[in-house]
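To start, the structure itself, in structure tokens.
The values are calculated or read from the model by the stated rules, or taken from the named source; none is laboratory data. What you are looking at is a predicted structure, and each value in this text was computed from that prediction instead of being measured. Here the Cβ positions follow ideal geometry from the backbone for every residue, glycine too, while neighbour counts run over all protein chains shown. The area values use the complete protein model at the heavy-atom level, side chains included, leaving out ligands, DNA and RNA. Shrake-Rupley method; radii C 1.70, N 1.55, O 1.52, S 1.80 Å.
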Amino acid sequence: MLILSVDIFIVFISFTFAFLIIGGFGFDQMEFVQYILATGCFCAIALPVIYFSKLHTGLLRYSNSTDLFHIFIAALGFSLLFVGFYYGIGHRWISLNSSFLMLVLLVNFFIVSTLLIAFRLLAKATFLVLISKMSNRSVHRVLIFGSDQNAVLVKQALSNDPNINYIVEGFISTDRSMLNNYLVQKKVYHIKELSRLKKQKDIQELLITNENLNGRDKRVVIERCIRLGIKVFTIPPAKNWLSGELPSKQIKKLRIEDLLQRKPIVIDQSKVKSDLEGKKVLVTGAAGSIGSEIVRQVLSYKPSLLIMCDHAESPLHEIQLSMEDEFPGAKMEVVLADVSNYERMHKLFNICRPQIVYHAAAYKHVPMIENNPFEAISVNVGGTRNIADLSVFLRLISL
């Protein structure tokens with residue numbers, strides 16, 4: 001009943017404001033008795049319309065376009081009923097000019113619709129904040145990938161369940177026809193705006209349906225989110241929701257395995273150990289992102305000697321210090337050399353005699369190496385050939 005009372009109060013305020021607007025805010029000239037009669041009759045007609053249309057129930061549910069449309073229909077309904085009442089018997093008591101009264105109703109329709117919608121949106125936002133503070137749970141500000149019906153259903157499910165505690169800030173889409181449009185009161189943004197949105201709206205997570213995750217657009221947005229530090233969570237398609245609802249347990253953090261179009265390969269750790277334990281292992285490009293992880297993995301299998309080769313002095317020194325701390329007592333040799341230099345590589349192979357080679361030395365930033373093709377060919381092609389030739393020459397295992 002409290003919500004119904006607030007709705008009627010909003011109707012009263014909006015009709016009064018519309019009356020003043022059309023009357024030019026002429027308080028002195030305003031026919032007070034006629035204003036009271038018109039406003040009282042209007043509120044009396046609006047009361048049953050709001051009650052029987054159940055606008056006052058499920059206050060926190062008003063977040064989608066269908067529900068908001070019901071508010072417009074109700075406002076239009078009691079406005080038309082008042083017109084019928086006025087021309088039927090109301091004109092006997094309400095002696096206002098009919099043109100003046102129709103203008104008041106027209107202006108009031110837009111004011112009352114706006115205020116009723118704003119009240120519900122504000123109430124819902126306040127409710128979410130209070131729930132967050134009372135439960136000591138942080139609010140998750142998220143984006144939803146997509147602009148189709150499935151994305152809309154996800155947004156509605158999140159908005160209608162206070163236990164999930166998500167605030168949807170918008171949609172991310174690659175459909176140019178949808179960009180800068182609004183879906184269920186939330187804007188559709190382009191992938192390129194992810195960085196700006198993270199800063200301006202404090203975006204923490206992106207929600208994406210887990211069907212067809214191998215699609216190019218989804219891979220691009222996932223990669224951008226990872227670079228920006230935005231967590232990616234997967235949601236099953238709406239047809240797989242339990243009882244048509246989206247429980248929080250179905251929102252899962254994205255796993256790398258989800259991006260594969262096959263079952264993950266399970267490595268036989270015992271076989272790897274037997275191949276590496278007690279062996280001399282060479283890792284080229286040891287200071288790079290891939291090479292440094294190979295170094296870490298190889299050392300965990302206790303080789304007799306690990307040779308770390310790279311042409312970048314500072315990164316190589318850093319990985320050396322890091323591995324000495326992480327694997328104290330492990331025997332390591334640090335070699336500063338360029339794989340494209342055949343003579344230098346031949347000397348390295350001749351002296352160290354590695355039994356297994358992991359070749360990870362390469363330039364990997366595509367735009368940069370496209371602008372520097374000589375260096376790209378020299379290292380990525382020539383360096384690989386040098387390592388392969390020396391491995392074959394010395395009959396090594398090259399990986």
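Table for the structure above
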| item | result |
| --- | --- |
| Flag for Asn181 being open to solvent by 50 Å² or more (accessible area, probe 1.4 Å), within 23 Å of Lys124 (Cβ to Cβ), modelled with pLDDT under 80 and not basic (Lys, Arg) | no |
| Tally of residues being in a strand (DSSP E or B) and at pLDDT 60 or above across the stretch 219-251 | 5 |
| Unique match (being at pLDDT below 80, more than 18 Å from Tyr189 (Cα to Cα), touching a Ser or Thr at 6+ places or on another chain (Cβ under 8 Å) and part of a helix (DSSP H, G or I)) among Ser138, Ser132 | Ser132 |
| Subset of the stretch 341-367 (residues that are open to solvent by less than 40 Å² (accessible area, probe 1.4 Å) and assigned to a loop (DSSP other than H, G, I, E, B)) | Pro354, Ala360, Ala361 |
| Boolean, Leu206 is out of contact with any helix residue (DSSP H, G or I) (no Cβ under 9 Å at 6 or more places or on another chain), at pLDDT 85 or above, buried (at least 17 other Cβ atoms within 10 Å of the Cβ) and more than 28 Å from Phe69 (Cα to Cα) | no |
| Subset of the stretch 285-303 (residues that are open to solvent by 50 Å² or more (accessible area, probe 1.4 Å), part of a loop (DSSP other than H, G, I, E, B) and either among the hydroxyl-bearing types (Ser, Thr, Tyr) or under 23 Å from Gly382 (Cβ atoms) (or both)) | Ser300 |
| Some residue of the stretch 319-333 being among the basic types (Lys, Arg) and either part of a strand (DSSP E or B) or over 25 Å from Arg395 (Cβ atoms) (or both) | no |
| Filtered residues of the stretch 264-292 (kept if without any contact (Cβ under 8 Å) to a residue 12 or more places away in the chain and not small (Gly, Ala, Ser)) | Pro264, Ile265, Val266, Ile267, Asp268, Gln269, Lys271 |
| Given (1) in contact with a strand residue (DSSP E or B) (Cβ under 9 Å, 6 or more places away or on another chain); (2) crowded, with 16+ Cβ neighbours inside 10 Å; (3) among the β-branched types (Val, Ile, Thr), number of the condition Val392 does not satisfy | (2) |
| So Asp338, is it of a type in the set (D, E, K, R) and either under 38 Å from the mean Cα position of the chain (by Cα) or farther than 21 Å from Phe393 by Cβ (or both) | no |
| Residue among Leu316, Leu282 that alone is open to solvent by less than 20 Å² (accessible area, probe 1.4 Å) and assigned to a strand (DSSP E or B) | Leu282 |
| Members of the stretch 100-125 that are surrounded by 16 or more Cβ atoms within 10 Å (Cβ to Cβ) and within 30 Å of His140 (Cβ to Cβ) | Leu115, Leu116, Ile117, Phe119, Arg120, Lys124 |
| Residue count for the stretch 87-99, restricted to those that are surrounded by 12 or more Cβ atoms within 10 Å (Cβ to Cβ) and in contact (Cβ under 8 Å) with a residue 40 or more places away in the chain | 4 |
| Residue check, Ser292 out of contact with any strand residue (DSSP E or B) (no Cβ under 8 Å at 6 or more places or on another chain) and modelled with pLDDT of 90 or more | yes |
| Within the stretch 173-198, tally of residues that are over 16 Å from the mean Cα position of the chain (by Cα) and either polar (S, T, N, Q) or under 11 Å from Cys225 (Cα atoms) (or both) | 4 |
| Where Arg216 falls short, out of the listed (1) open to solvent by 30 Å² or more (accessible area, probe 1.4 Å); (2) modelled with pLDDT of 80 or more | (2) |
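Rundown of residues vs (1) surrounded by 15 or more Cβ atoms within 10 Å (Cβ to Cβ); (2) modelled with pLDDT under 70; (3) part of a strand (DSSP E or B), yes/no style:
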residue	(1), (2), (3)
Phe127	no, yes, no
Ala151	yes, no, no
Lys155	yes, no, no
Ser159	yes, yes, no
Pro162	yes, yes, no
Phe171	yes, no, yes
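Residue-by-condition table, conditions (1) farther than 21 Å from Glu293 by Cα; (2) not basic (Lys, Arg):
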position	(1), (2)
Ser322	no, yes
Glu333	no, yes
Lys364	no, no
Ile377	yes, yes
